[in-house]
Amino acid sequence: MKTLLLILAALLALPVLADDGDHYYSTSNLHPDRRLDLWQKECGSCHMAYPPGLLPAAAWRKMMSRLDKHFGADASLSANEQGELTDFLVKHAGSARRVGSEVIRITETPHFVKEHRKIAESVWERASIKSAANCQACHLRAAEGDFSERQIRIPR
């Protein structure tokens with residue numbers, strides 16, 4: 001009986017992850033370390049540091065293996081930094097079942113496509129948004145990993 005109560009208490013202590021995307025990709029559960037700082041510094045220097053949970057491990061490995069051709073830019077890092085950053089992204093990656101297989105564009109993952117299926121192409125082209133990859137244009141707390149519908153404002 002005591003063991004059962006301990007198991008129940010442990011299960012109740014686990015955070016509940018909403019499967020509706022609210023905080024599924026939250027960056028608040030990432031443990032601070034040098035790799036977290038490296039991710040924010042390197043990835044965030046050109047665009048939002050996308051939460052690692054938005055892609056599966058295989059996609060992060062693939063993306064990190066060709067940083068010299070990172071979506072038309074050279075995002076090369078030292079071998080040490082590349083390894084550390086790859087380890088960090090893989091450790092915190094999303095499940096392939098939820099976010100797709102080896103698609104490396106977040107905007108092409110099944111989850112993204114499903115969640116944005118009703119957004120007209122003309123909305124992505126607005127000067128205030130520019131592209132589907134600009135999460136922060138509509139998701140007010142995207143940098144914190146909060147993509148909940150309560151935190152959306154689609155700019156004109």
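Per-residue counts of other Cβ atoms within 10 Å, averaged by peptide: what ranking do you get for 40-46, 136-142, 67-73, 105-111, highest first?
Details: 40-46: 13.1, 136-142: 17.9, 67-73: 11.3, 105-111: 15.7.
Sorting 40-46, 136-142, 67-73, 105-111 by mean packing, highest first, produces 136-142, 105-111, 40-46, 67-73.
For His139, what is the net charge nearby, where nearby means another residue's Cβ is under 9 Å from its Cβ and Lys, Arg count +1, Asp, Glu -1?
Working: positive: Arg141, Arg153; negative: Asp146.
Taking every other residue near His139 into account, the sum is +1.
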Calculated P(r) of segment 66-153 - Cα pairs past 14 Å, %: 75 percent
Inter-label distance for Asp74 and Glu108, nm, one decimal - labels placed 7 Å from Cα along Cα-to-Cβ: 2.4 nm
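Considering only Cα-Cα distances, which of the following residue pairs are longer than 24 Å: Lys62/Lys118; Lys62/Lys91; Lys69/Lys118? Spell out each step's value before the answer.
Details: Lys62/Lys118 30 Å; Lys62/Lys91 14 Å; Lys69/Lys118 31 Å.
Exceeds cut-off: Lys62/Lys118; Lys69/Lys118.
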Whole-Hz couplings from phi, Karplus 6.51/-1.76/1.60, listed for segment 36-46; x for Gly and Pro: 5, 4, 4, 4, 5, 6, 6, 6, x, 6, 10
Tensor-based shape of segment 31-101 (alpha-carbon gyration tensor, a/c under 1.5 rounded, otherwise prolate or oblate): oblate
Net charge, Ser78 excluded, C-beta distance under 12 Å - Lys, Arg +1, Asp, Glu -1: -3
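If the only charges are +1 at each Lys and Arg Cβ and -1 at each Asp and Glu Cβ, what is the size of the charge dipole of segment 85-156 around the Cα centre, to the nearest 20 debye? List each step's numbers first, then the result.
Values: 13 positive and 9 negative charges, 51 e Å.
The dipole magnitude comes to about 240 debye.
Each value in this text was obtained by applying a stated rule to the coordinates, not by laboratory testing. Because the structure is predicted, anything quoted here is derived from the model rather than measured. Cβ coordinates were reconstructed from backbone atoms using ideal geometry, including for glycine residues, and neighbour counts include every protein chain displayed.
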